[in-house]
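Bear in mind that the values in this text are calculations on the coordinates, not laboratory data. Since we're looking at a predicted model, the values are computed, not measured. Here the Cβ positions follow ideal geometry from the backbone for every residue, glycine too, while neighbour counts run over all protein chains shown.
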Amino acid sequence: MLGGLFSQAGSTFNRVVKPRGSIEAGDDKPPSDTEPDDTSILDENEGSIITSLISQLRVGMDLSKVTFPTFVLEPRSMLERITDFMSHPDLIFGAEKFDNPEERFIRVLQYYLAGWHIKPKGVKKPYNPVLGEFFRCRYDYPDGSQAFYIAEQVSHHPPISAFFYISPQNHVSIVGELRPKSKFLGNSVSTTMEGENRVTLLGKPEDGEYVITMPNMYARGILFGKMVLELGDTCIAKNEKHGLFCDLEFKTKGFFSGTYNAIAGRVRQSSNDIGELSGRWSHVMEIKSTKSGQKRVLFDAVKDGQNVSPKWVLPEQQQEPNESRRLWAALTEAIQMKDMERATVAKTSVEDAQREQRRRREESGELHVPRFFEKVDGRWLPKLKVAKDPQEAVAAVQQWIFPSVVPRSPKPTP
């Protein structure tokens, strides 16, 4: 199939479209710290992105039905990619100990902003999860505390990924869902990231939820110029119990001026400004106090970006068939080996099996019931009631997510 796309489009368009990155293409030179695309696969095989996509694309079209070639794939599922936001837990652990609601709000912002710097080389797209697919992992922190994460594809049309992270001993719970919608815009692809993160500081239940929406994503330079991934538009963080809000703008670079990966935002309580956010999500982000004028660093991706909390995941042979790493194992291996023909076969195999399952459900009238999540008042929530006692909660979550795994003996926590 991939070869067919290349041959169809290549013969027609290679004669009239300049290669990506050419001077004629008007490359606007991304920053020096932007990693180059891994185009070795294209050079060795059949050409550029344009020759594989152009026959399918129309401006404004929904990309959910477009078959993306395997060389643009990041070798992990979107369900696993969401864990990037849990990479720096120290930024939010202990937030409930601050008496000032403003400080607790800023700590939640730190957690959220620190999740964006992790990205694959070049512009890559994670696998679209199939219905019923799930990813689970555990975090074992140096102080003996633990955290657990589970994400599940709860809907196929429209695509919805629900996720849940909890660290009972550190008094943090995060629930949310993502509903991505992608469109082709000519020389770029936009992905509208509908959905939200709902953070609860379990040690401060009176705060209620901290709710954060997502910016949109743009892959620039699809047909010509340098391929660059950008975050754009505005998202909102809010805690309604304390009247705290932040309008956070992810700025896309202008064609002739501007800076890549810039952010700007205002933190306010009701109508009163508290602080001003600035910086770059790939480098350093700061907040400036409206009262004192003092600045403090929220996150330094250059200095602290490598300090990512490791995930513990079951070995693939012990995973269930619809668990992300096992489900996509053949595709991941082929991508890592740069065997695009084999990768295409592996990707098609998973998608064909998904279509067959959907056909059988339609014929039988059977409805898919998610395993870990349920829809309550329009929001996807985990099918688990968490005990207030941290040790009881750890045991219950462990049994719910990893029922066949012998739990690790946790160290006593103060």
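Go through T200, F184, I212 and say which Cα lies farthest out towards the positive end of the charge dipole of the stretch 176-262; charges sit on Cβ, +1 for Lys and Arg, -1 for Asp and Glu.
Positive-end residue among those listed: F184.
Please give the length that would be gained between R179 and H157 if that part of the chain were fully extended, namely 0.36 nm times their separation in residues minus their C-alpha to C-alpha distance (nm, one decimal).
On the way: separation 22, 0.36 × 22 = 7.92 nm, distance 1.00 nm.
Gain on extension, R179 to H157, equals 6.9 nm.
Can you list which of the GluC sites (Glu not before Pro) found in the stretch 236-338 are DSSP loop residues with at most 14 other C-beta atoms within 10 Å?
Details: sites: E240, E249, E276, E286, E316, E323, E333; in loops: E240.
Listed in order of number, the matching sites are E240.
Taking the number of other C-beta atoms within 10 Å as the exposure measure, put F299, F98 in order starting with the fewest. Display every interim value, and only then the final one.
Working: F299 25, F98 15.
Lowest count first: F98, F299.
Measure up K119/K183; K204/K303; K125/K311; K204/K291; K183/K385; K125/K388 against 28 Å on the Cα-Cα distance and list the ones that go over. Don't skip to the answer; put the middle values down first.
Working: K119/K183 21 Å; K204/K303 31 Å; K125/K311 21 Å; K204/K291 26 Å; K183/K385 38 Å; K125/K388 39 Å.
Violating the 28 Å limit, Cα to Cα: K204/K303; K183/K385; K125/K388.
Counting other C-beta atoms within 10 Å, which of T290, T252 has the fewest, and how do the rest follow?
Details: T290 14, T252 20.
Ranking T290, T252 by Cβ neighbours within 10 Å, fewest first, gives T290, T252.
With +1 on each Lys and Arg Cβ and -1 on each Asp and Glu Cβ, and nothing else charged, work out how big the dipole of the stretch 224-346 is about its Cα centre, in Debye to the nearest 20.
Its charge dipole is roughly 520 debye.
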